[in-house]
1. If one takes the longest principal axis of the Cα atoms in the chain, at what angle in degrees, from 0 to 90 and to the nearest 10, does the Cα axis of helix 166-175 lie?
2. Set the bar at 25 Å for Cα to Cα. Now go through Lys18/Lys68; Lys9/Lys84; Lys135/Lys232; Lys154/Lys232; Lys48/Lys152; Lys31/Lys154 and name every pair that lies beyond it.
3. In sequence order, what are the phi-derived ³J(HN,Hα) couplings for the stretch 279-287 according to the Karplus relation 6.51 cos²θ - 1.76 cosθ + 1.60 with θ = phi - 60°, rounded to whole Hz, with x for glycine and proline?
4. With each run of n ≥ 4 DSSP H residues scored as -39500 (n - 2.57), what mean residue ellipticity at 222 nm is computed for the chain after dividing by its residue count and rounding to the nearest 500 deg cm²/dmol?
5. Based on DSSP, what percent of beta bridges with both residues in the chain are antiparallel, to the nearest 5?
6. List the residues whose amide H sits under 5 Å from the amide H of Thr161, counting only those 5 or more places along or on another chain, with H placed 1.01 Å from N in the peptide plane.
7. For the Cα atoms of the chain, what angle does the longest principal axis make with the long axis of helix 82-94, in degrees from 0 to 90, nearest 10?
8. Rounded, prolate or oblate: which fits the stretch 1-90, taking a ≥ b ≥ c as square roots of the Cα gyration tensor eigenvalues, rounded meaning a/c under 1.5, else prolate when a/b beats b/c?
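Derivation of every value follows stated rules applied to the coordinates shown; laboratory data play no part. Bear in mind that the values here come from a model prediction, so they are computed numbers and not experimental data. Quick reminder, even Gly has a Cβ in these numbers, built from the backbone with ideal geometry, and neighbours come from all protein chains shown.
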Amino acid sequence: MTKNKALLKLSDNVILNKRNDAMAIEMAQTKDYYQKTILEAFAAFIPKQAVIYEMDSQFISHAVYFTKYCDVNQVYLFEKNRAKYKALRADIRRNKAVRIECLRPEWDKNSFSKLDKGKPVIFGPKPADIIHFSKRVLEEDLFEKMITQLEKDKPLLWLDTDSTNFAKITRWLGKLQYQVQKQLDHQAIYAVQKALPKSEPGEKHELASKIFEQLEIYKRHLHQLQQEYDKKLAQIKAEQAEKITRLEDKHHAIEQKWENESKKQAALAQQFEQKRKQYQKETREAKQVVQHISDALNAEKAVNHDLNKRMLALLMEEKPILLTMEARQIQQKKELSNLRYENIKLTRHLASMTEKYQRLNDTKVIRMMRKYWNFKKKRRLRNDT
């Protein structure tokens with residue numbers, strides 16, 4: 001995994017955008033290509049300099065694998081969604097996969113385009129040598145939209161046989177004369193079964209020699225497969241023997257462990273018995289201590305009872321004084337309440353008088369009188385001088 005949590009790094013340093021789907025989760029766990037064993041098995045059927053159509057853009061890891069580990073001419077990915085298209089282009093640039101081309105298809109019009117400097121440009125892909133249809137693509141009925149191209153180019157087909165509509169796909173395969181070449185899990189390679197041409201009498205010997213030559217190739221291939229099978233079988237047997245040996249060692253270790261545990265349990269039981277006797281002794285001593293404490297508490301209770309009686313008598317003597325003080329406090333609270341009420345009344349009266357004074361002071365008559373007084377005052381001062 002790369003430092004950027006949005007990216008996914010595989011074991012061969014291929015870096016892809018990390019999507020939130022089962023395919024990406026599996027690659028994150030294995031740090032390898034999705035369906036790696038199937039890719040390795042089906043790689044033998046890919047012709048040299050092949051043109052591959054990867055119909056499901058989610059299989060970007062397949063496209064990268066084809067360009068890195070197979071002799072291919074071009075791999076085409078198809079994606080309508082603009083955001084996903086840009087993410088695929090980023091994956092292609094990041095891994096420098098120059099033989100991968102991402103196209104935006106319009107299947108109904110059989111038209112394709114790619115973005116060049118942010119603008120769509122019409123683009124015609126090369127005829128396919130092999131086409132991979134995933135389960136999702138088959139269930140979207142994209143297979144039927146490509147029937148014309150399949151009849152024309154007759155490419156190899158890699159199909160997911162687990163799709164819900166594969167029965168209908170099978171009928172189309174029969175009409176197009178496709179037969180299965182290899183099947184692994186729910187993945188299968190289909191090829192067109194070509195009819196043998198009618199040969200002239202002079203060509204029979206050449207045809208027979210070609211057939212025998214092909215048979216020899218098949219025999220060598222079968223012999224090679226048999227050797228690989230025997231090698232793998234011997235490897236499996238060796239692994240099984242090693243596994244049995246490990247299990248026996250593990251079983252012996254478990255038995256030894258149980259024996260040691262039994263000895264430990266016996267020793268622990270003896271220790272527990274000794275501790276039990278010690279606890280019984282400590283319990284008896286604790287009971288004696290508790291009895292002494294109980295006697296001391298009883299004596300303390302008697303002393304406290306006498307003290308409480310004395311304190312109660314003193315309180316009874318002080319009770320009249322306390323009642324008088326309480327009555328006086330109540331009277332003081334009432335007087336304070338009356339004073340607060342009087343204070344509120346006087347405050348309101350003062351506010352009312354202040355408001356009346358301000359209103360009277362602002363009347364037109366008072367303003368005229370004030371001007372008249374000022375005028376008289378100035379006359380008097382002038383006469384005095």
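1. Orientation of helix 166-175: about 20 degrees from the principal axis.
2. Values: Lys18/Lys68 20 Å; Lys9/Lys84 19 Å; Lys135/Lys232 32 Å; Lys154/Lys232 36 Å; Lys48/Lys152 20 Å; Lys31/Lys154 35 Å.
Beyond 25 Å between Cα atoms: Lys135/Lys232; Lys154/Lys232; Lys31/Lys154.
3. Ordered by residue, 3J(HN,Hα) equals 5, 4, 4, 5, 5, 4, 5, 5, 4 Hz.
4. So the calculated ellipticity at 222 nm is -22500 deg cm²/dmol.
5. Restricted to the chain, the bridges split so that about 55 percent are antiparallel.
6. Answer set, sorted by chain and number: Gln187, Ala188.
7. Helix 82-94 and the main axis of the chain meet at about 70 degrees.
8. Oblate, because a/c is 1.5 or more while a/b does not exceed b/c.
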